[in-house]
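Participant: Structure incoming, see below.
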Amino acid sequence: MNINFIIDFDSTFIKVESLDELSKIVLKNNPNKSKIVANIKKITKQGMEGKIDFPTSLQKRLLLFNPTMKDIEILRKNLEKQISKSIIRNKHFFVENSKNIYVISGGFEEYIVPILKDFGIKKNHVLANKFIYNKKQKVIGFDKKMLLSKEKGKVKAVRKLDLKGTTYIIGDGYTDYEIKKEGLAYKFIAFTENIKRKNVIDVADEKISSFDEFLFMLNMPRAFSYPKSKMKVLLLENIEQKTVATFRNEGYAVDFLKTALSEDDLLKKIEDVSILGIRSKTDVTEKVFKKAKKLLAIGAFCIGTNQIDLQVALNQGVAVFNAPYSNTRSVVEMVIAEIILLYRQLFEKSLNAHKGIWDKSAKNSHEVRGKTLGIVGYGNIGTQLSVVAETLGMDVVFYDIQEKLTLGNAKKCSSLNELLKISDVVTIHVDGAKSNSNLIGKNEFALMKKNALFINASRGHVVDISALEQVLGSGRIAGAAIDVFPEEPRGNNDSFFSPLQQISNVILTPHIGGSTIEAQRNIGEFVGKKLMQFIDNGSTMLSVNFPELQLPDYPNAHRLIHIHKNIPGVLSKINTVLAKGNVNILGQYLKTKNEIGYVISDVNTGYNKEIIKKLSEIKGTIKLRVLY
């Protein structure tokens, strides 16, 4: 069956309205630019929504500015950078089907034809207008003999083509719909990647937010086997807005919440979610995983992952990514600040000054130089804290259950007890493993120096808060700074209580060790990128639970991802299925980790789709994905 595709240019093939962009170029130095451009956009909108006829819309706009040939050349170069993302990634579709593709526009051939040339679309398949120039190469009007310059010009231009077979019209404007209305197309598809016009969507046969979705609808070769617009991303706990915008710009359907969700609330939302983004307060339990049938990946936009059942994630083929380094500096700076604040009693003195009390005494006020800092947990944060503390003149000791490379002049303690006995300041930087629950309690506080300081910026359950309350109340230790608590509010509007409130020389902060603009930006960018790479090309580099694997892209190939139980012979069975199906393997990698194996296979595009079914039936298969 012969299929024809008529695609609108402005706000469909490209992201913008070309005449609006041309007006900005021409009026660049005009003092009334903003007012004139706004008027032009208003006229454009009226034309797109069918409120005024197209010839009127075109003439009104051109009367407001006078472009030259040079301006049009600048426009062409600008528009080359404004091609819609989903159009660019499906360029092969246009090249391979150029004989059946027509691009239609109320714009002008001068800048449209050169842009489409790279997509294999020839001039005689471009339905557009023509400028008329004077001898100085200045536009003085447009060719009114062209069908596109007339009322219902798109309808007249398409009727003249006399296309045979099934025709689809894809566009964002009411004039595109009129082609279908006149019986010249089988379906009108409203394209909403760049702009949404309600009156256009209301009359459309289908609505698509990317060209991938259209090709998916027709089951034609495309950049992504499953359109991103059909993949739901759930982002919780006020994840950085730039990350949210990036997911939306990539075409994903994004649900964003500022707060964490309880297990019950998460169960209500998770069923159709493909990507889940959380921070530290949302628990992803086995019960949640069982409901999450479409879940492909989880992003922990923080350091720890103890809030995620990693074993269940592994068993269900869900990749987990976190940000092990992105907020390290922010936590270190806060801990250093707290050490100084506590030693100088600045927190108390500031409160007194606010109350009108002038306390200029140096009593119990000390420098940090020469003091011994004991770091429990010598990981990314602990090591960087060690280096910064030394530059302030502190002596550093540390304890870690694993053998770690010592930085600077830091000294390793043979036990936690040894560190507690010799440290003037004890700061905790261990992970959130259950084995670390109440790591510091009554017995540990009893070992610490009298008048020592205590800091916890790791996890709330690591410290017995009742024991800490007692030693602070008795004066056994001189002060504390606590950023994390056993029970924390899910959102900013929820109330907070701690037995440490109102105790002198105690700094309480609402889990903000990594909450700086810089850290949140870095975390959002890092984790967001890892999630998108996993969805786009199957890369699992720096995954918390998956084998780390990355394969270079192969052009003109289909990428298959096979996640399976780590049992002997699976790769052999995969290749047997491919061989029997006469499928050529262009590139392939296998890596295993713990209970699972992960295979990326790039194969030639011409294969029977029955192959996919057979691969998914191999014993031990957990999940099979076709990326492109």
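Participant: Give the residues of segment 9-39 that are among the hydroxyl-bearing types (Ser, Thr, Tyr) and buried (at least 20 other Cβ atoms within 10 Å of the Cβ), sorted by residue number.
Facilitator: Step one: of segment 9-39, the residues among the hydroxyl-bearing types (Ser, Thr, Tyr) are 11-12, 18, 23, 34.
Matches in segment 9-39: Ser11, Thr12, Ser18, Ser23.
Participant: What's the total number of residues in segment 480-505 that are on the phi < 0 side of the Ramachandran plot, touching a helix residue (DSSP H, G or I) at 6+ places or on another chain (Cβ under 9 Å) and touching a residue at least 40 places away in the same chain (Cβ under 8 Å)?
Facilitator: Residues flagged as on the phi < 0 side of the Ramachandran plot, touching a helix residue (DSSP H, G or I) at 6+ places or on another chain (Cβ under 9 Å) and touching a residue at least 40 places away in the same chain (Cβ under 8 Å) within segment 480-505 amount to 5.
Participant: Next question, about the same structure. Of all residues in segment 415-445 being farther than 29 Å from Asp283 by Cβ and either of a type in the set (D, E, K, R) or modelled with pLDDT under 95 (or both), which is nearest to the chain's Cα centre (by Cα)?
Facilitator: Ranking the candidates gives Asp424 first.
Participant: Continuing with this model, one more query. Of (1) farther than 30 Å from Tyr252 by Cα; (2) touching a His at 6+ places or on another chain (Cβ under 9 Å); (3) at pLDDT below 90, Asn556 satisfies all except one. Which?
Facilitator: Among (1) farther than 30 Å from Tyr252 by Cα; (2) touching a His at 6+ places or on another chain (Cβ under 9 Å); (3) at pLDDT below 90, the lone unmet condition for Asn556 is (1).
Participant: Continuing with the same structure: Is there any pair linking a residue in segment 60-77 that is over 12 Å from Ser18 (Cβ atoms) and at pLDDT 90 or above to one that is polar (S, T, N, Q) and surrounded by fewer than 16 Cβ atoms within 10 Å (Cβ to Cβ), with Cβ under 7 Å and at least six apart or on different chains, and which?
Facilitator: Thr68/Gln137; Met69/Gln137
Participant: Here are the criteria: (1) over 35 Å from the mean Cα position of the chain (by Cα); (2) without any contact (Cβ under 8 Å) to a residue 24 or more places away in the chain; (3) buried (at least 16 other Cβ atoms within 10 Å of the Cβ). Tell me which single one Lys160 does not satisfy.
Facilitator: With respect to (1) over 35 Å from the mean Cα position of the chain (by Cα); (2) without any contact (Cβ under 8 Å) to a residue 24 or more places away in the chain; (3) buried (at least 16 other Cβ atoms within 10 Å of the Cβ), Lys160 is out only on (3).
Participant: Confirm whether Ser225 is touching a Gly at 6+ places or on another chain (Cβ under 6 Å), more than 18 Å from Phe9 (Cβ to Cβ) and not in a strand (DSSP E or B).
Facilitator: Details: touching a Gly at 6+ places or on another chain (Cβ under 6 Å): no; more than 18 Å from Phe9 (Cβ to Cβ): yes; not in a strand (DSSP E or B): yes.
It is false that Ser225 is touching a Gly at 6+ places or on another chain (Cβ under 6 Å), more than 18 Å from Phe9 (Cβ to Cβ) and not in a strand (DSSP E or B).
Participant: What pairs come out if I take residues in segment 536-548 that are of a type in the set (A, V, I, L, M) and pair them with residues that are assigned to a loop (DSSP other than H, G, I, E, B) whose C-beta lies under 7 Å away, six or more apart or interchain?
Facilitator: Met541/Glu548; Met541/Gln550; Leu542/Glu548; Val544/Thr305; Val544/Asn322
Participant: Got a sec? Which of Gly538, Gly528, Gly569, Gly581 is at positive phi, of a type outside the set (A, V, I, L, M, F, W, C) and surrounded by 13 or more Cβ atoms within 10 Å (Cβ to Cβ)? Before you say what the answer is, go through the steps one by one.
Facilitator: Numbers: Gly528 fails: at positive phi; Gly569 fails: surrounded by 13 or more Cβ atoms within 10 Å (Cβ to Cβ); Gly581 fails: at positive phi.
Answer to the selection: Gly538.
Participant: From the residues in segment 135-166 that are of a type in the set (Gly, Ala, Ser) and modelled with pLDDT of 90 or more, which one is nearest to Pro67 (Cα to Cα)? It would help to see each step written out before you state the result.
Facilitator: Of the residues in segment 135-166, the ones of a type in the set (Gly, Ala, Ser) are 141, 149, 153, 157, 165.
Subsequent filtering for residues that are modelled with pLDDT of 90 or more retains 153, 157, 165.
On the way: Gly153: 23, Ala157: 26, Gly165: 40 Å.
Here the answer is Gly153.
Participant: Leu295 is checked against (1) within 14 Å of Ser515 (Cβ to Cβ); (2) assigned to a loop (DSSP other than H, G, I, E, B) and fails just one. What number does that condition carry?
Facilitator: The failed condition is (1).
Participant: Please tell me if Ala362 is within 21 Å of the chain's Cα centre (by Cα) and either in a helix (DSSP H, G or I) or not assigned by TED's automatic domain parsing to the domain that holds Thr592 (or both). Even if it seems obvious, please write down each step before you answer.
Facilitator: On the way: within 21 Å of the chain's Cα centre (by Cα): no; either in a helix (DSSP H, G or I) or not assigned by TED's automatic domain parsing to the domain that holds Thr592 (or both): yes.
Considered against the rule, which asks whether it is within 21 Å of the chain's Cα centre (by Cα) and either in a helix (DSSP H, G or I) or not assigned by TED's automatic domain parsing to the domain that holds Thr592 (or both), Ala362 comes out as no.
Participant: With Leu453, Leu407 as the choices, which residue is at pLDDT 95 or above and assigned by TED's automatic domain parsing to the domain that holds Ala481? First the steps, then the outcome.
Facilitator: On the way: Leu407 fails: at pLDDT 95 or above.
None of the other options fit; the residue is Leu453.
Participant: I'd like to know if segment 255-267 contains one or more residues that are aliphatic (A, V, I, L, M), crowded, with 20+ Cβ neighbours inside 10 Å and over 30 Å from Thr621 (Cα atoms). So that I can check it myself, show each step before the final result.
Facilitator: Here is the first cut: in segment 255-267, the residues aliphatic (A, V, I, L, M) are 257, 260-261, 266-267.
Remaining after also requiring crowded, with 20+ Cβ neighbours inside 10 Å: 260-261, 266.
Those left that are additionally over 30 Å from Thr621 (Cα atoms): 260-261.
So far as segment 255-267 goes, yes, one or more of its residues are aliphatic (A, V, I, L, M), crowded, with 20+ Cβ neighbours inside 10 Å and over 30 Å from Thr621 (Cα atoms).
The values are calculated or read from the model by the stated rules, or taken from the named source; none is laboratory data. This one's a predicted model, so the numbers in the text were calculated from it and none came from an experiment. Don't worry about glycine lacking a Cβ; one is built from the backbone with ideal geometry, like all the others, and counts go over all protein chains shown.
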